[in-house]
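Below you'll find the structure, written out as structure tokens, and then a few comments.
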Amino acid sequence: MAKRIIAQARGKGSGTYRVRRRAFRFKLKYPSKLEGEGTVVKLQDSAAHTAPLAKIVFNGEAFFMPAFEGMIEGQKIKFGGSEIKEGNIIILGNIPVKTKIYNVESHPGDGGVFIKTAGSSAIVSRIFGKYIYVLMPSKKEKKFNPNCRAVIGVIAGAGRLDKPFMKAGTKYHLKKAKGKLWPRTSAVKMNVIDHPFGSGRGKRPKSKIAKRNAPPGTRVGHVRPSRTGRKKR
């Protein structure tokens, strides 16, 4: 009996190629109405996130966000206002230029979308017209609504990539916890029954662009563009 090739198995989405649902049991979102002061009650790890998470209690409700460098349990965090202190959640319109921020909302009230990776942060670059421009970790500027919220500071967990993987098993278990396929093998190094590009005869794939109507087992390589050529006006 034949078995599915890796491209088919990943497309089907079995437990081998999907992250565990339990890993994402913590939702990183701000409450819709956030004014006053909250308390950091617990710092904890999460398999789905690279940074440690902070559980914050506010008006009897709890929410989670990435912890900043130097955060401690029992610490007080202010919401709203204009006090520039690490951990405070403030709208971008009240944050001065050259301040480091993270967990920035894409639209006011969406709960935080950008910059959640360990050790990362963005910088408020400039104010131009009705928008706030933020210098992202990719060194590109992005404009935001002044009413979008963000956290002051830098996310904890920097240096997580500095320690090398001394054993292949260590990396295997890390990738497995995050639902990643590892180790990865080049398609041209596979057997012909395992991949359309596989075989020992030639190291050049037959076609790097997948056919538009190809079935899942053969839809490998580059995605075919929806159109080509110059656009007619």
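Every number in this text was worked out from the coordinates using simple rules, so none of it is lab data. Since this is a predicted model, take the numbers as computed values, not measurements. So basically every Cβ, Gly included, is an ideal-geometry build from the backbone, and we count neighbours across all protein chains shown.
General remarks:
- Within the option set K139, K55, K116, being in a strand (DSSP E or B) and either among the basic types (K, R) or under 15 Å from the mean Cα position of the chain (by Cα) (or both) holds for one residue only, K55.
- Selection count where residues are of a type in the set (G, A, S) and either over 26 Å from K176 (Cα atoms) or in contact with a helix residue (DSSP H, G or I) (Cβ under 6 Å, 6 or more places away or on another chain) (or both), scope segment 1-53: 5
- Within segment 70-94, being surrounded by 15 or more Cβ atoms within 10 Å (Cβ to Cβ), in a loop (DSSP other than H, G, I, E, B) and within 24 Å of the chain's Cα centre (by Cα) holds for M71, E86, G87, N88.
- Only one of the numbered conditions (1) surrounded by fewer than 16 Cβ atoms within 10 Å (Cβ to Cβ); (2) among the small types (G, A, S); (3) not in a loop (DSSP other than H, G, I, E, B) is not met by S106, and that is (3).
- Test: F197 is of a type in the set (A, V, I, L, M, F, W, C), in contact with a helix residue (DSSP H, G or I) (Cβ under 8 Å, 6 or more places away or on another chain), assigned to a loop (DSSP other than H, G, I, E, B) and surrounded by 15 or more Cβ atoms within 10 Å (Cβ to Cβ): yes
- Unmet requirement for F64, which otherwise passes all of (1) assigned to a loop (DSSP other than H, G, I, E, B); (2) out of contact with any helix residue (DSSP H, G or I) (no Cβ under 6 Å at 6 or more places or on another chain); (3) hydrophobic (A, V, I, L, M, F, W, C); (4) surrounded by 12 or more Cβ atoms within 10 Å (Cβ to Cβ): (1)
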